[in-house]
Each structure stands twice: as C-alpha cells, then as structure tokens.
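Let me begin by presenting the structure, written as structure tokens, before commenting on it.
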C-alpha cells in the first residue's frame, strides 16, 4: 500500500541544531509534492506557519497544540480547549510559586511578564507573546466563552514536580500532562492527541487516505500514540526510548536531517 501523506513533529524531529529547516529538508518535502506534508506539533499555529512558508505549502492543513487545534488556512476544522474551571485551578496552584504560566488560545499567547521563560520560548518559536496577568486572561476567556488550547508551566524542577503530582491527582480526568523537559509541563485537554488529530484530518480533508497510508515522524512521548497508529511510524535517532520502542523504523537524528534522509529513501 503506497504512502500518501506524511506528518512530522517539529522540535527535536524536523528542525536542525539551529532550530530551523535545513535546505535538504525543504528540498525533499518539495520534491515529493503533491504528497501532503503535515506539521503536527505542540506549538501554536503562528509558530508553525513560517515553516510552511519555507516549504511553500501554506495551503496544507496544520495540527497545533498536539491536536487541540486543526486548521486549513484560517478555517478551523477542529478545536478542543481546557475548561476554564480547570484553568482556574491550575492558576491558583501556581500563585505561591515561582512557576511561569503561558496561556495559549489559537494564535493568542499570554505571559504574565517577559521573564526568562517567556524570552526562551520567544527565541525557540520566533513568536512574541502579549503580557497580561493569568487572572485577567481567564476572566476575558470566560466572558468570550474561550479557553486554553494549551497551558505551559515552566520553572524550578522541584516546583514543577510538585505541581505535576498535584494536577495529576486532582485533574487527570480533564487534562493531559506532558513533561517535555524536567522544567516544563505542557497541559492540554484530556481527549486530544496527535493520533486523534490525524484521524480528524483524514476524515475532513483526505477521506480517500487510510491511516495505514500515513507516515509519521517523532521524537518524544507525545508522539508515541501517533507513531503506533499510522502505517509507518519513524523515530529520529535522538528520540527517547519510549518512541524507539514503538517506531517501525529509525532514521538519522534531527541535527543530521533524519526526516529528509528517510523521505529520500522511501520516495526514490
């Protein structure tokens, strides 16, 4: 069965050591066009669109927030955000800590201050946040009937550990907690994942393509379900052990153009 669609994680998978797309990766994605190349990430859409522009495939759908938001252009195909009652609990738990909370909805990114963590994310994603207190954002979203597609908690590893355990104990029926780094917790709605997002994408945009005809690339825990479910799940060589165990194939590291090399090998 020929592969007809490719999904790739971004950070740690697609980008090189300079956190940009290498020319080799751009060339390979363009060479296999019109096979759709879908970016699927925990990033916000604004932090993904410049990569689509590099590829020249801005009309291709994208999957943001680990599946919390699926877009085709500016059309929302699917949107799932955290209930504001749960967001209120998260904010309250962080008040007496030094933990930084970044709040995301679609292309909105709010930070309480331009501190170390905000500047770090700005450098990583090339997107600038809006400075606004967490409480003010929550109040606005309640009025506007919106919620967080993602909450990013960043800070001291011990405080992050304590927060993780507390949220896992009290809110695990509502949210998914993901430790992308020892100093990070990424929080999304319990019901979404990269796997479920791909299923929605195929149903809405590519009904002629089966899940078995999809290739996916990844490196971290939030990629595991995706790699297990598609026809060919590929890990980059720098992936963690959980990803290595479920991958059907391993390519080179992200720093050595692993995605480009796999595409070159599979689509000769």
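The values are calculated or read from the model by the stated rules, or taken from the named source; none is laboratory data. Everything numeric here is computed off the predicted structure, so don't read it as measured data. As a convention, Cβ positions derive from the backbone with ideal geometry for all residues, glycine included, and neighbour counts pool all protein chains shown.
So here's what we get for this one:
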| read-out | value |
| --- | --- |
| Selected residue (criterion: surrounded by the most Cβ atoms within 10 Å (Cβ to Cβ)) from residues of segment 24-45 that are under 21 Å from residue 250 (Cα atoms) and free of Cβ contacts under 8 Å to residues at least 60 places away in the same chain | 41 |
| Criterion: more than 29 Å from residue 219 (Cβ to Cβ), in contact with a strand residue (DSSP E or B) (Cβ under 8 Å, 6 or more places away or on another chain) and not assigned by TED's automatic domain parsing to the domain that holds residue 50 - qualifying residue of 143, 132 | 132 |
| Any hit, segment 99-112, residues being at pLDDT below 95 and either assigned by TED's automatic domain parsing to the domain that holds residue 31 or surrounded by fewer than 19 Cβ atoms within 10 Å (Cβ to Cβ) (or both) | no |
| Check on residue 170, in the same structural domain as residue 64 (by TED's automatic domain parsing), at pLDDT 95 or above and either farther than 25 Å from residue 243 by Cα or out of contact with any strand residue (DSSP E or B) (no Cβ under 6 Å at 6 or more places or on another chain) (or both) | no |
| 3 or more residues without any contact (Cβ under 8 Å) to a residue 40 or more places away in the chain and crowded, with 17+ Cβ neighbours inside 10 Å: qualifying helices (runs of 4 or more DSSP H) within segment 205-268 | 224-229 |
| Residue check for residue 162: part of a strand (DSSP E or B) and at negative phi | no |
| Number of positions in segment 165-203 that are assigned to a loop (DSSP other than H, G, I, E, B) and within 18 Å of residue 70 (Cα to Cα) | 4 |
| Residues within segment 144-159 that are under 14 Å from residue 108 (Cβ atoms) and in a helix (DSSP H, G or I), tallied | 1 |
| Every residue from segment 79-98 that is in a loop (DSSP other than H, G, I, E, B) and buried (at least 17 other Cβ atoms within 10 Å of the Cβ) | 80, 81 |
| Segment 46-80: number of residues that are touching a residue at least 40 places away in the same chain (Cβ under 8 Å) and touching a strand residue (DSSP E or B) at 6+ places or on another chain (Cβ under 9 Å) | 17 |
| Enumeration of residues in segment 122-157 that are closer than 28 Å to residue 17 by Cα and surrounded by fewer than 20 Cβ atoms within 10 Å (Cβ to Cβ) | 122, 123, 124, 126, 127, 128, 130, 156, 157 |
| Residue within segment 85-94 that is within 30 Å of residue 233 (Cα to Cα), over 13 Å from the mean Cα position of the chain (by Cα) and free of Cβ contacts under 8 Å to residues at least 60 places away in the same chain present | no |
